[in-house]
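K.L.:
The structure that follows is given in the form of structure tokens.
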Amino acid sequence: MKNAEQEETVQAVPFHQRLLLLWKTKKGKALFVIILLLIWYACCLPRTLFHDPLSTVLEDRNGTLLDARIAGDGQWRFPYDGQVPEKFAKALILYEDKYFYRHPGVNPASLFRALKQNLSRSHIVSGGSTLTMQVIRLSRKGKSRTYYQKLIELIQATRLEIRCSKKEILGLYASNAPFGSNVVGLDAASWRYFGRSPDKLSWAEAATLAILPNTPSLLYPGKNEEKLKRKRDRLLDRLQAAGELDALTCELAKQEPLPQKPHPLPDEAPQLLDRAAAYKNQRGKRIRTTLDAGLQARVKAIVEKHHRRLMGNEIHNACVLVLEVKTGKTLAYVGNTQAEAGADHGNDVDVIMAARSTGSILKPFLYAGMLSDGQILPNTLIPDIPMQFGSYAPQNFSETYDGAVPAKRALARSLNVPAVKLLQQYGIGRFHDLLQKIGLQTITRSADNYGLTLILGGAEARLWDLAGAYASMARTLNRYTKEEKYYRSDFHPPWFLCSDSLNYIKDSDPEGTSYFDAASTWITFEAMVEVNRPDEEASWREYLSSGKIAWKTGTSFGFRDGWAIGLSPEYVVAVWTGNASGEGRPGLVGVQTAAPILFEVFGQLSGNTWFKKPLHEMQEVTVCKESGFKAGEYCDKERMWIQKAGISSSVCPFHHLLHLDPQGKYRVTSECEAVSQIQHVPWFILPPAQELYYKRKNATYRTIPPMDPRCPGTASIHSLELIYPKQGSTIYVPIEIDGKLGRTVFEAAHRKAGMHIFWHLDDNYLGETSGIHQMALAPTAGKHVLTLVDEAGESVSESFEIIGKEKK
């Protein structure tokens, strides 16, 4: 009963009063002191020991050093790396703290010995510090070497042993120990003094570095060599005695020379280092990339070799990007050429990320888009004649014309006029939208602002985005399923950080369509294989080991940018050449400056496979041999595999059935020739303007016979066509020095050689032409109508407008 009452009395006393009662007792005071000491001990060690600025370090996928930037305080201090090589660890522990793995952070025997030495000499000559205590001392920079500070180090060292494993403590020491001059940490010291990573150090090198932190200012490599060598050799003897190396290895290690002066750190990817450091604020960190160090070095060497060649034409910059198709990860990233001695040509600029005029490098996207839409077939004839689109008059690079050319040959030869005609047919807005969807992030202006120049360099793009888009196309084709499904997630940008792998190596649900269907992509790549390679690569087909490469070049207006992008099922290689300043140079043409680099880089890559033909998305159909269109009734036919979307394309418009007289000399009708005498002959007929140029390069082309003069009526097939200007054209004519408008050459085509054409401007007779139908005219500013009439009475009229521009 009494105990129950006492319990009730205790429970009735408030908690804080009970603490006060406990404090008044000796045991209570001792308990409080112990608790406070435990709390202090638990908190005596800072959460982060080292706050020094760190070097930014760039590594390849295997941890090989690619590049580094010095820390903000001017020290080479790499970020913490807990991986301490075995040779260095054994040498260090034997030299500094042979009981490291046995003590709890403090070695009483070492402390007693150091205290005895210090007292006998009346000053501190030995600290008796363990490696753990040295880590604490390194973290407490600037603290004097007094007994009080030593006591703090001792206490914090035992606390560090509780927080970290022995391996972590060893890593902290190796990452923060001074190694002389402005070198801090094992990683930086290994590269600066021996030019290699710590895991590749010899026993002699590891022993040298194990000694340096003890007296880094005295034993700086290149000074006090004899003293440093004696210390190193004694440590090697101790390692032999400990059974870590045999007598021969020890003797050979002693013969190795000491480092004389610091080596420069690797400088393999300076532009990528800057980009990676800015990405997600990674300055002062160890950045693991997807690059392959060996390939990076070889590609960089190739770029520098060609850089020396290009400098002869004052072309100072180039860059190369190599991607793995399967994942989109970056394997090599050479952002620019090395700076020339005493010159500054913008070599620090990361040209891979610079928006530059595209030239013709976008043409395969248009070709693939039109195939996927079913608007063309691989060999569909496309007009290739002088054309005027409003005020825009594109020209082929060669300044010649074929009249009409198969679509795939137009792509392989990178003809400009057919490309512009295809873009007009496909739709500028639609192509603009397609480019944005496949990842060209610099296509930011409106479609109308770019106009038809979009396909010929009117837009700017980054090599990074272009390479990513081509890799996405290849990846889509590789992963196209037999169920005719696609993964839209295959279209994504390239990536270069190992930490980003989860963002890009993932699948979406398969869909029935993609931006390009598999068949159209395969047909596009097949056309790109046929691009003529540079002279030194012209015989590539003769080598059985040579793999097929789909590739495309581009040259911007004014010869400012030379592009070359190539791909295989495994890799994409993208090259740009030019001047970072934007200065153009004669001969700065993609096929001459960038393509040789492209093929040499491909020579460094393994694999010579090719894309599987996606027969599940193709169909064999009958097409016309000459026109490439779906076969109509009157053409020579052949069987061909096309994309399924092409089934909806139009039937050949160029083959007609002509009605000829018995001799085949004239076209006739039943009104002037007996029906029984008329021959019905299939004939390939191009429009007059296309025919004019086409027959110059195709000797087998047959011009249609003229109408029999006996036949009344008008011919159903036109023989006369105005090439320039076209209906509604706007012509800008410069003002000459005398203040008058300059002349403009107008041109027409006629099927019949020698036919006379009579020219009229606004109903005023100008003259006649025969053979070559061209006339230089100087109409006044304003709207006009040009009328042409041939000897047979056929006529054509087109309206146009002249706008004069003042001479500047």
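The values are calculated or read from the model by the stated rules, or taken from the named source; none is laboratory data. Here the structure is a predicted model, which means the values were calculated and not measured. All Cβ positions, even for glycine, are placed from backbone atoms using ideal geometry, and neighbour counts span all protein chains on display. With ligands, DNA and RNA removed, areas are computed over all heavy atoms of the protein, side chains included. Shrake-Rupley method; radii C 1.70, N 1.55, O 1.52, S 1.80 Å.
K.L.:
How many of the residues making up the range 258-279 are closer than 30 Å to residue 236 by Cα, open to solvent by 70 Å² or more (accessible area, probe 1.4 Å) and touching an Asp or Glu at 6+ places or on another chain (Cβ under 9 Å)? Outline the logic, then answer.
P.N.:
Of the range 258-279, the ones closer than 30 Å to residue 236 by Cα are 258-266.
Now drop any that are not open to solvent by 70 Å² or more (accessible area, probe 1.4 Å), which leaves 260-261, 263-264.
In the following step, the residues that additionally are touching an Asp or Glu at 6+ places or on another chain (Cβ under 9 Å) were identified as 260.
Result for the range 258-279: 1.
K.L.:
Are any residues in the range 283-305 farther than 18 Å from residue 323 by Cβ and in contact with a strand residue (DSSP E or B) (Cβ under 7 Å, 6 or more places away or on another chain), and if so, which ones?
P.N.:
If the condition is that a residue be farther than 18 Å from residue 323 by Cβ and in contact with a strand residue (DSSP E or B) (Cβ under 7 Å, 6 or more places away or on another chain), then 283, 284, 285, 286, 287 are the ones that fit.
K.L.:
Restricting to strands (runs of 3 or more DSSP E) lying wholly in the range 589-704: which have 1 or more residues that are under 27 Å from residue 528 (Cα atoms), free of Cβ contacts under 8 Å to residues at least 40 places away in the same chain and in contact with an Asp or Glu (Cβ under 9 Å, 6 or more places away or on another chain)? Steps first, answer last, please.
P.N.:
Values: elements: 618-624, 637-643, 655-660, 679-684.
Strands (runs of 3 or more DSSP E) meeting the threshold: 618-624, 637-643.
K.L.:
Can you report the number of residues in the range 472-487 which are farther than 19 Å from residue 645 by Cα, among the basic types (Lys, Arg) and touching a residue at least 24 places away in the same chain (Cβ under 8 Å)?
P.N.:
Total meeting the criteria: 1.
K.L.:
Turning to a different aspect of this structure: When the range 476-489 is examined, which residues are found to be open to solvent by less than 10 Å² (accessible area, probe 1.4 Å) and touching a Gly at 6+ places or on another chain (Cβ under 9 Å)? Walk me through how you get there before you give the answer.
P.N.:
Residues of the range 476-489 open to solvent by less than 10 Å² (accessible area, probe 1.4 Å): 476, 486.
Once the filter is applied, which keeps residues that are open to solvent by less than 10 Å² (accessible area, probe 1.4 Å) and touching a Gly at 6+ places or on another chain (Cβ under 9 Å), the range 476-489 yields only 486.
K.L.:
What is the one condition in (1) in a helix (DSSP H, G or I); (2) open to solvent by 10 Å² or more (accessible area, probe 1.4 Å) that residue 469 does not satisfy?
P.N.:
The single condition residue 469 does not satisfy is (2).
K.L.:
Still on this structure, I have one more. Can you name the number of the only condition in (1) open to solvent by 40 Å² or more (accessible area, probe 1.4 Å); (2) on the phi > 0 side of the Ramachandran plot that residue 43 fails?
P.N.:
Only one criterion in (1) open to solvent by 40 Å² or more (accessible area, probe 1.4 Å); (2) on the phi > 0 side of the Ramachandran plot is unmet by residue 43, namely (2).
K.L.:
Determine which member of the set 660, 692, 686 is modelled with pLDDT under 90 and among the aliphatic types (A, V, I, L, M).
P.N.:
692
K.L.:
Cβ-Cβ distance below 8 Å, separation of 6 or more or different chains: which pairs start in the range 394-414 with a residue that is of a type in the set (S, T, N, Q) and end on one that is assigned to a helix (DSSP H, G or I)?
P.N.:
395/416; 395/417; 396/416; 396/417; 414/363
K.L.:
With 187, 246, 237 as the choices, which residue is without any contact (Cβ under 8 Å) to a residue 24 or more places away in the chain and closer than 20 Å to residue 96 by Cβ? Break it down into steps so the answer makes sense when it comes.
P.N.:
Values: 187 fails: without any contact (Cβ under 8 Å) to a residue 24 or more places away in the chain; 246 fails: closer than 20 Å to residue 96 by Cβ.
Only one candidate qualifies: 237.
K.L.:
Another one. Which numbered condition trips up residue 510, out of (1) open to solvent by 40 Å² or more (accessible area, probe 1.4 Å); (2) out of contact with any strand residue (DSSP E or B) (no Cβ under 8 Å at 6 or more places or on another chain)?
P.N.:
Every condition holds for residue 510 apart from (2).
K.L.:
Moving on to the next point. Here are 580, 594, 564: which of them is open to solvent by 20 Å² or more (accessible area, probe 1.4 Å) and closer than 19 Å to residue 311 by Cβ?
P.N.:
Details: 594 fails: open to solvent by 20 Å² or more (accessible area, probe 1.4 Å); 564 fails: open to solvent by 20 Å² or more (accessible area, probe 1.4 Å).
Checking each option against the conditions leaves just 580.
K.L.:
Quick one: is residue 603 at pLDDT below 95 and either in contact with a strand residue (DSSP E or B) (Cβ under 6 Å, 6 or more places away or on another chain) or more than 26 Å from residue 548 (Cα to Cα) (or both)?
P.N.:
On the way: at pLDDT below 95: yes; either in contact with a strand residue (DSSP E or B) (Cβ under 6 Å, 6 or more places away or on another chain) or more than 26 Å from residue 548 (Cα to Cα) (or both): no.
Spelling it out, it is not the case that residue 603 is at pLDDT below 95 and either in contact with a strand residue (DSSP E or B) (Cβ under 6 Å, 6 or more places away or on another chain) or more than 26 Å from residue 548 (Cα to Cα) (or both).
K.L.:
Enumerate the strands (runs of 3 or more DSSP E) found wholly within the range 352-442, keeping only those where 1 or more residues are more than 22 Å from residue 642 (Cα to Cα) and among the acidic types (Asp, Glu). Before the answer, list the steps.
P.N.:
Values: elements: 355-357, 381-384, 403-406.
The strands (runs of 3 or more DSSP E) meeting that bar are 381-384.
K.L.:
Out of the residues in the range 284-331 that are among the aliphatic types (A, V, I, L, M), closer than 29 Å to residue 53 by Cα and in contact with a helix residue (DSSP H, G or I) (Cβ under 9 Å, 6 or more places away or on another chain), state the one that is surrounded by the most Cβ atoms within 10 Å (Cβ to Cβ).
P.N.:
291
K.L.:
Right, another one. Return the residue satisfying two criteria in turn: it lies in the range 173-184 and is touching a residue at least 60 places away in the same chain (Cβ under 8 Å) and over 18 Å from residue 49 (Cα atoms), and of such residues it is surrounded by the most Cβ atoms within 10 Å (Cβ to Cβ).
P.N.:
183
K.L.:
Residues that are touching a strand residue (DSSP E or B) at 6+ places or on another chain (Cβ under 8 Å), at least 1 per element: which helices (runs of 4 or more DSSP H) completely within the range 141-218 meet that? Don't jump to the end; show me each part of the working.
P.N.:
On the way: elements: 147-163, 166-176, 186-194, 203-211.
Here the list reads 166-176, 186-194.
K.L.:
Now a separate question. State which residue pairs qualify: first residue more than 18 Å from residue 273 (Cβ to Cβ) and inside the range 70-87, second residue open to solvent by less than 30 Å² (accessible area, probe 1.4 Å) and part of a loop (DSSP other than H, G, I, E, B) in any location, beta carbons under 7 Å apart, and separation of 6 or more residues or different chains.
P.N.:
Every condition considered, the pairs that remain are 85/201; 87/201.
K.L.:
Now for a separate question. Which residue out of 104, 85 is at pLDDT 85 or above and either touching a Leu at 6+ places or on another chain (Cβ under 9 Å) or closer than 30 Å to residue 246 by Cα (or both)? I'd like the intermediate steps shown before the answer.
P.N.:
Values: 104 fails: either touching a Leu at 6+ places or on another chain (Cβ under 9 Å) or closer than 30 Å to residue 246 by Cα (or both).
Criteria check complete, one pass: 85.
K.L.:
Restricting to the range 338-360, what's the tally of residues that are closer than 15 Å to residue 320 by Cα and buried (at least 19 other Cβ atoms within 10 Å of the Cβ)? Outline the logic, then answer.
P.N.:
Of the range 338-360, the ones closer than 15 Å to residue 320 by Cα are 338, 347-356.
Add one more test, that the residue is buried (at least 19 other Cβ atoms within 10 Å of the Cβ), and what stays is 347, 350-352, 354, 356.
The number of residues fulfilling the criteria is 6.
K.L.:
Looking at 223, 231, 227 in this structure, which one is outside any helix (DSSP H, G or I), out of contact with any Gly (no Cβ under 6 Å at 6 or more places or on another chain), within 27 Å of residue 137 (Cα to Cα) and open to solvent by 20 Å² or more (accessible area, probe 1.4 Å)?
P.N.:
Every option except 223 fails the conditions.
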